[in-house]
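What follows is a set of notes on a single structure, which appears directly below.
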């Protein structure tokens with residue numbers, strides 16, 4: 001059955017294009033800042049930050065892949081690269097003989113403590129300094145609403161392999 005597309009109106013199109021533009025520019029800005037100041041990508045920084053905020057700085061690989069929204073294969077490559085740099089360790093999960101845990105090392109914590117201030121300043125300059133307090137509140141509400149809708153869509157998905165973080 002064919003249905004007529006629900007085209008975006010002019011204001012929706014404006015909002016969508018603005019989102020595409022700023023999200024691409026912001027990701028590039030943060031990647032450049034982290035490469036310049038720490039020699040790492042924003043994706044690697046996010047992985048370390050997730051481990052840093054986890055209890056005992058440890059997360060199961062499957063949960064970490066889900067939090068980062070990446071495939072387990074891609075996560076394995078990232079963890080192995082960060083392991084070679086001494087920032088992350090990997091060990092078997094004692095609660096699940098088949099599972100693996102990613103662990104933030106002392107060197108990883110020390111690096112985060114060193115580079116987090118510069119990263120937060122880059123985020124502040126790029127995003128929060130450009131917004132009023134009311135716009136910050138609205139941005140949070142918009143982000144939460146869209147995330148909630150996407151989480152509901154994810155939960156309704158009958159084929160889990162379409163979700164990258166559930167693929168091997």
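The values are calculated or read from the model by the stated rules, or taken from the named source; none is laboratory data. As the structure is a computational prediction, the values presented were derived from the model and not from experiment. A quick note on method: Cβ atoms are made from the backbone with ideal geometry, for glycine too, and the neighbour counts reach across all protein chains shown.
To keep it simple, each residue is scored yes or no on (1) out of contact with any helix residue (DSSP H, G or I) (no Cβ under 9 Å at 6 or more places or on another chain); (2) surrounded by 15 or more Cβ atoms within 10 Å (Cβ to Cβ); (3) without any contact (Cβ under 8 Å) to a residue 24 or more places away in the chain; (4) in a strand (DSSP E or B).
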residue: 59; (1), (2), (3), (4): no, yes, no, yes
residue: 110; (1), (2), (3), (4): yes, no, yes, no
residue: 122; (1), (2), (3), (4): no, yes, no, no
residue: 136; (1), (2), (3), (4): no, no, yes, no
residue: 141; (1), (2), (3), (4): yes, no, yes, no
Per-region count, the stretch 36-68, residues touching a strand residue (DSSP E or B) at 6+ places or on another chain (Cβ under 6 Å) and more than 12 Å from residue 104 (Cβ to Cβ): 2
Filter result for residue 66 (at pLDDT below 95, in a helix (DSSP H, G or I) and buried (at least 18 other Cβ atoms within 10 Å of the Cβ)): yes
Output for the stretch 22-36, where each listed residue is without any contact (Cβ under 8 Å) to a residue 24 or more places away in the chain and either surrounded by 12 or more Cβ atoms within 10 Å (Cβ to Cβ) or more than 18 Å from the chain's Cα centre (by Cα) (or both): 22, 27, 31, 32, 35, 36
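State whether one or more residues within the stretch 78-92 are closer than 22 Å to residue 147 by Cβ, surrounded by 17 or more Cβ atoms within 10 Å (Cβ to Cβ), modelled with pLDDT of 95 or more and in contact with a strand residue (DSSP E or B) (Cβ under 6 Å, 6 or more places away or on another chain).
Pass one, the stretch 78-92, residues closer than 22 Å to residue 147 by Cβ: none.
Checked against the condition, which is being closer than 22 Å to residue 147 by Cβ, surrounded by 17 or more Cβ atoms within 10 Å (Cβ to Cβ), modelled with pLDDT of 95 or more and in contact with a strand residue (DSSP E or B) (Cβ under 6 Å, 6 or more places away or on another chain), the stretch 78-92 yields no hits at all.
Is there a residue being assigned to a helix (DSSP H, G or I) and within 18 Å of the chain's Cα centre (by Cα) anywhere in the stretch 93-108?
Filtering the stretch 93-108 for residues assigned to a helix (DSSP H, G or I) gives 106-108.
Applying the additional criterion that residues be within 18 Å of the chain's Cα centre (by Cα) yields 108.
Checked the stretch 93-108: at least one residue is assigned to a helix (DSSP H, G or I) and within 18 Å of the chain's Cα centre (by Cα).
Could you pull out the residue among 39, 99 that is modelled with pLDDT under 95, surrounded by fewer than 18 Cβ atoms within 10 Å (Cβ to Cβ) and more than 30 Å from residue 155 (Cα to Cα)?
Numbers: 99 fails: more than 30 Å from residue 155 (Cα to Cα).
It is 39.
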Selection from the stretch 41-55 of residues that are free of Cβ contacts under 8 Å to residues at least 40 places away in the same chain, farther than 14 Å from residue 30 by Cα and under 12 Å from the mean Cα position of the chain (by Cα): 50
